[in-house]
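Everything on this sheet refers to the single structure shown next.
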Amino acid sequence: MIKTGILNPQLNALLSRVRHTNTLVIADRGFPFWPQIETVDLSLVDDIPRVLDVLRAIRANFTIGRFYMAEEFRLNNSAAVVEQWSQAMAGAAILFEPHVEFKKRIPQAIGLIRTGDTVQYANILLESA
């Protein structure tokens with residue numbers, strides 16, 4: 001029985017398949033469903049869990065080369081929220097692009113983790129290093 005780290009077996013299986021330069025999405029509660037991508041739905045209620053909760057949980061065993069986010073994230077959230085996210089993503093490049101362009105990257109992802117996050121445009125595409 002696993003006692004520490006990621007306890008969700010579906011999430012563990014997904015994470016174990018991510019290789020060098022593969023991508024993984026951590027999405028908010030409103031992110032569209034992509035039928036061709038394996039989705040691990042962790043959402044429970046509003047803001048449980050949040051994208052940053054999942055990010056913090058997986059970073060211990062996941063080497064991130066870069067993050068992609070929609071530039072609308074910075075435009076639709078307070079400076080405090082943007083700073084909190086920047087701190088959580090420290091150590092890897094963060095590339096912002098229009099939401100329409102961001103969504104074009106999704107079909108190539110290994111999987112998508114859905115959260116209960118209510119922050120506007122709270123979606124991250126992680127590229128493994």
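What 222 nm value per residue comes from the helices of the chain, counting each DSSP H run with n ≥ 4 as -39,500 (n - 2.57) and dividing by all residues, nearest 500 deg cm²/dmol?
-7500 deg cm²/dmol
With the chain treated as a Gaussian network of Cα nodes joined by springs under 10 Å, which of Val100, Val45, Val82 yields the largest mean-square fluctuation?
Highest fluctuation among the options: Val100.
When Asp53, Asp117 are ordered from fewest to most other Cβ atoms inside 10 Å of their Cβ, what list results?
Ranking Asp53, Asp117 by Cβ neighbours within 10 Å, fewest first, gives Asp53, Asp117.
So which chymotrypsin sites (Phe, Trp or Tyr not before Pro) in segment 27-107 pass both tests, a DSSP loop state and at most 14 other Cβ atoms within 10 Å of the Cβ?
Here the sparse-neighbourhood loop sites are Phe33.
May I have the convex hull volume per residue, in Å³, for the Cα set of the chain?
So the per-residue hull volume is 106 Å³.
Counting alpha carbon pairs within less than 8 Å and at least 6 residues apart, what relative contact order, in whole percent, applies to the chain?
50 percent
Modelled label-to-label distance, Phe96 and Thr63, 7 Å Cα→beta-carbon offset: nm?
Taking the simple label geometry, Phe96 and Thr63 are separated by 2.9 nm.
Longest span of the chain, sites excluded, free of trypsin sites (Lys or Arg not before Pro) in DSSP loop with at most 16 other C-beta atoms within 10 Å?
20-104
With a point put 7 Å past each Cα toward its Cβ, work out how far Glu71 is from Lys3 in nm, to one decimal.
5.0 nm
Can you give the local net charge around Arg29? Use residues other than it whose beta-carbon is closer than 9 angstrom to its beta-carbon, Lys and Arg +1, Asp and Glu -1.
Within the 9 Å Cβ shell, the charges total -3.
Laboratory data are not the source of any read-out in this text; all were calculated from the coordinates shown. Values in this document were obtained by computation on a predicted structure and should not be read as measured data. Cβ: placed from backbone, ideal geometry, glycine included. Neighbour counts: every protein chain shown.
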